[in-house]
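Here the structure is laid out as structure tokens; the discussion comes afterwards.
The values are calculated or read from the model by the stated rules, or taken from the named source; none is laboratory data. Just so it is clear, the model here is predicted, and its values are computed rather than measured. Here Cβ is always computed from backbone atoms with ideal geometry, including for glycine, and neighbour counts include all displayed protein chains. What goes into the accessible areas is simple: the full protein's heavy atoms, side chains included, and nothing from ligands, DNA or RNA. Shrake-Rupley method; radii C 1.70, N 1.55, O 1.52, S 1.80 Å.
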Amino acid sequence: MTFISSGYNPDKPMENRITDIGPRHYSEFLPPIIAKNKGKWLWHEIIEPGILMHKAESGDEVYTVRFGGARLMSTGLINELCDIADKYCGGHLRFTTRNNIELMVETLDEAKKLKEFLNSQKFKGGSHKFPVGGTGAGITNVVHTQGWIHCHTPATDASGTVKVVLDELFEDYKKMRMPAQIRISMACCLNMCGAVHCSDIAILGYHRKPPIIDHEWLDNLCEIPLAVAACPTGAIRPAKKEITTEAGETKTVNTVAVRQERCMFCGNCYTMCPSMPLADQTGDGLVIMAGGKVSNRISNPKFSKVVVAFIPNEPPRWPTLAKVIRQIVEAYASGARKYERLGDWAERIGWERFFEKTGLEFSEHMIDDFRDPAYYTWRQTTNFKF
Amino acid sequence: MAKHATPLLDQLESGPWPSFVADIKEEADRRRKNEKNVTYQIPSDVCDDLLGVLELSYTDGTTHWKHGGIVGVFGYGGGVIGRYCDQPQMFPGVAHFHTMRVNQPAGKYYKTDYLRQLCDIWDMRGSGLTNMHGATGDIVLLGTTTPQLEEIFFELTHNMNTDLGGSGSNLRTPAACLGESRCEWACYDTQEMSYQLTMEYQDELHRPAFPYKFKFKFDGCPNCCVASIARSDMAFIGTWKDNIGIDQEAVAAYIGGELKPNGGAHADKDWGAFDIQKEVIDLCPTECMWIEDGKLKINDRECTRCMHCINVMPRALRIGNDRGLSILVGAKAPILDGAQMGSLLVPFIKAEEPYDEIKEVIESIWDWWMEEGKNRERLGELIKRQGLAKCIEVVGLKPVPQHVLEPRHNPYIFWKEEDVTGGWQRDIAEFRKHHQR
């Protein structure tokens, strides 16, 4: 391949350099009707699943068609989206916080045609390209992290587990039959780049084996004090060890020792020190958490709680994961009151009932033993249900 | 013809939800055919090798990506995530596979010419794969080689007037909900404030000088669509101080069934006729609403602005007019000490340009955190370690009951010497004059 210069001169990196310019101003990209009515919207309505209408003081109406996509997206697919936006929406589109895509038009008729067109677009393998939905009291797109496709610390794949879950719940992406919205999030390790800790349902990759220590290389690749300091439970200490090198030589090296029974499998040490990998085919898997939310509506924002301590990695289609998510969703859909979020429902009926209704098994792993907050989750009352 | 057999990944092409495998395969195909005659600057089989290495992970249940190493563009300490494959001989196309974070426009609106230009750069100089968008909000360009980093940065800044986002121990790329652009509940212009603060703090965003990462998120109302309260070290959440606007005719229309509650969000299940008592008044967390002479009344002084009634009856109720925002601090996801929610720091502040008062709050928090924070200690952890009262003190605010859900459960107050009459220096001889040994 022939190298093509952008104009950058590696010998003079400061020549014509432009820095610190930030993003483009959003106003350059707003559709005209949005720009015109900004700050002057009166109300909105969900006309049908996937179509929103916003009414402005001016009398203007804008119809938004919302549809899902994989967060991992090729330039080819983005160009296809651009073709659609050029044809139907004057070259404007937007993405939502939950990896949905929105196209805006000015009449309901256009919106319905657009919805029909988007729903007809499919990949060769048969999956939808642009399924319309993700509105109201239903299940919208799952936000997630990188997983095996691009990360060094994951305990599972992200795109694959999310695909499986959304295949399972696809009908509810296109419908609004739930008591309230269900927000599902996925993070592939405890670092939680996906911040799943306040989701109605959270899927979390988790390691269960302490780090393997690459003694021969550790002192060359890591700062030992940083590895020691990285451990939240103080399980890592500096150590010396006699080893036989790959070349057969015996020598004493500076390394670390891990008190394995204190390991919480967070992988923080591995982040600081590549000589302490945790990943393992049978050790790694998923934790399911439920009942969190970020909205302040009716009740305060709340954290998700662990409801399944471990599901093994079962690529490519993670059947147990899909089954567990379905159990939670159906129990909630049939048991909760209108407007009641999953966590509010669980609190109203009691978590003992939650396990009964969902058919999930409670185990000692669900009793918090991590530092002070644990105490506040134990039952300090005689009020409970048999 | 695919370069690697991927029997496991192939099973993710079926099922109705958009298949990332199908999309990557199509991209691999486009690169193979190269109908646009692109002079690829990284291996043209990058997508094939990515599928290959992912198939290997699906087979052996572990990742094949190594730690980043130090890569980036000159003068910046963030915006590029280095990534190398741990099986480079098997998958040379992805041996070097660095990510670039590109700062998205606030609210994530685009014009197609902008996206097409970005795609052209990324087809030529990268993998042709992206995330729209990453968890923090950036456009993520997924996978390129070290020599291309400066070239891409040059093209982004010179031809697209666009900068990189944040990574590492710096201000991460701020994110905002779509706010006033298309939402009647936005209590301030989230997009403008996100843009202005992003511009004000470009140095903090590009050059890591903090103990750890720091996130701003801007939510226009307490519905918190960008999850600021859970996901940002400093959350700016729109609110108001005066009364909820009521259109009694529209209230009557909801009661009469002419208008669909909650904007029609529950259409696919029969929940029965709308019952304002059951669905609004009884669910109000402060019980500050009632019906009197057929009219809806609200005791606004008792309202905590949870948004429920407004969400249910968007055509009848409106957010107040004396608008501003609340600032909550210290949210983060787990490790080291577990998840933290944002804690209320500033109950109400006006969100008006040039945001000087808000910048003062931000900068006093940063000064404190940079002075006292340990390496890799998030703001929320410092607040836990030194106390919320300390945090309130450093921004020069008066502690008020709004800062807590309830007062402390113990009397172990760390009194300061200056708070105690006469101070702490006492004379034992004087004490013994009145108290024998």
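Details
- Count of segment A:288-318 residues which are within 18 Å of the chain's Cα centre (by Cα) and at positive phi: 2
- Tally of residues being more than 16 Å from residue A:130 (Cα to Cα) and open to solvent by 50 Å² or more (accessible area, probe 1.4 Å) across segment B:11-38: 8
- In the set (1) open to solvent by less than 40 Å² (accessible area, probe 1.4 Å); (2) more than 7 Å from chain B (Cβ to nearest Cβ); (3) touching a strand residue (DSSP E or B) at 6+ places or on another chain (Cβ under 7 Å), residue A:73 fails one condition alone, (2).
- Set A:238, A:232: member being in a strand (DSSP E or B) and not charged (D, E, K, R): A:238
- Reported count of residues in segment B:53-68, each being touching a strand residue (DSSP E or B) at 6+ places or on another chain (Cβ under 7 Å) and either open to solvent by 20 Å² or more (accessible area, probe 1.4 Å) or in a loop (DSSP other than H, G, I, E, B) (or both), is 3.
The rows are residues; the columns are (1) part of a loop (DSSP other than H, G, I, E, B); (2) in contact with a strand residue (DSSP E or B) (Cβ under 9 Å, 6 or more places away or on another chain).
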residue	(1), (2)
A:269	no, yes
A:276	yes, yes
A:299	yes, yes
A:307	no, yes
A:311	no, yes
A:323	no, no
A:334	no, no
A:343	no, yes
A:354	no, yes
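- Residues considered: B:219, B:203, B:233. Of these, the only one that is outside the structural domain of residue B:275 (by TED's automatic domain parsing) and surrounded by fewer than 24 Cβ atoms within 10 Å (Cβ to Cβ) is B:203.
- Which listed residue, of A:114, A:108, A:166, is crowded, with 23+ Cβ neighbours inside 10 Å and more than 11 Å from chain B (Cβ to nearest Cβ): A:114
- Residue match in segment A:50-61 (condition: more than 30 Å from residue B:33 (Cβ to Cβ), modelled with pLDDT of 95 or more and facing another protein chain (nearest Cβ under 7 Å)): yes
- Residue match in segment B:327-348 (condition: crowded, with 19+ Cβ neighbours inside 10 Å, farther than 29 Å from residue A:40 by Cα, β-branched (Val, Ile, Thr) and more than 12 Å from every other protein chain (Cβ to nearest Cβ)): yes
- Residue count for segment B:58-80, restricted to those that are facing another protein chain (nearest Cβ under 9 Å), at pLDDT 95 or above and closer than 20 Å to residue B:131 by Cα: 3.
- Tally of residues being facing chain B (nearest Cβ under 8 Å) and at pLDDT 95 or above across segment A:261-282: 4
- Within the option set A:286, A:360, being more than 14 Å from chain B (Cβ to nearest Cβ) and touching a strand residue (DSSP E or B) at 6+ places or on another chain (Cβ under 6 Å) holds for one residue only, A:360.
- Some residue of segment A:120-128 being in contact with a strand residue (DSSP E or B) (Cβ under 9 Å, 6 or more places away or on another chain) and open to solvent by less than 10 Å² (accessible area, probe 1.4 Å): no
- Test: residue in segment B:402-424 that is of a type outside the set (S, T, N, Q), farther than 21 Å from residue B:327 by Cβ, open to solvent by 90 Å² or more (accessible area, probe 1.4 Å) and in contact with a helix residue (DSSP H, G or I) (Cβ under 7 Å, 6 or more places away or on another chain): yes
- Selected residue (criterion: surrounded by the most Cβ atoms within 10 Å (Cβ to Cβ)) from residues of segment B:98-123 that are facing chain A (nearest Cβ under 7 Å) and closer than 14 Å to residue B:43 by Cα: B:122
- Scanning segment B:84-97 for residues that are in a loop (DSSP other than H, G, I, E, B) and either of a type in the set (Val, Ile, Thr) or crowded, with 24+ Cβ neighbours inside 10 Å (or both) yields a total of 2.
- Segment B:1-18 residues that are more than 7 Å from every other protein chain (Cβ to nearest Cβ), paired with ones that are assigned to a loop (DSSP other than H, G, I, E, B) (beta carbon under 6 Å, 6 or more apart): B:3/B:45
Residue-by-condition table, conditions (1) in contact (Cβ under 8 Å) with a residue 40 or more places away in the chain; (2) in contact with a Pro (Cβ under 8 Å, 6 or more places away or on another chain); (3) more than 30 Å from residue B:71 (Cβ to Cβ):
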site: B:198; (1), (2), (3): yes, yes, no
site: B:215; (1), (2), (3): yes, yes, no
site: B:222; (1), (2), (3): yes, no, yes
site: B:226; (1), (2), (3): yes, no, no
site: B:229; (1), (2), (3): yes, yes, yes
site: B:232; (1), (2), (3): yes, no, no
site: B:235; (1), (2), (3): yes, no, yes
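- Within segment A:2-21, residues that are at the interface with chain B (Cβ under 7 Å from one of its Cβ atoms) reach partners that are open to solvent by 40 Å² or more (accessible area, probe 1.4 Å) and in a loop (DSSP other than H, G, I, E, B) with beta carbons closer than 8 Å, at six or more positions or on different chains, in the pairs A:2/B:39; A:4/B:39; A:7/A:16; A:13/B:74; A:13/B:75; A:19/B:75; A:21/B:161.
- Annotation: of all residues in segment A:188-212 being in a loop (DSSP other than H, G, I, E, B), out of contact with any Pro (no Cβ under 7 Å at 6 or more places or on another chain) and modelled with pLDDT of 95 or more, the one that is farthest from the other protein chains (Cβ to nearest Cβ) is A:210.
- Qualifying positions in segment B:131-183 - in contact with a Ser or Thr (Cβ under 8 Å, 6 or more places away or on another chain) and small (Gly, Ala, Ser): B:135, B:137, B:143, B:165, B:166, B:175, B:176, B:179
- Scanning segment A:86-95 for residues that are at the interface with chain B (Cβ under 7 Å from one of its Cβ atoms), farther than 15 Å from residue A:35 by Cα and buried (at least 20 other Cβ atoms within 10 Å of the Cβ) yields a total of 1.
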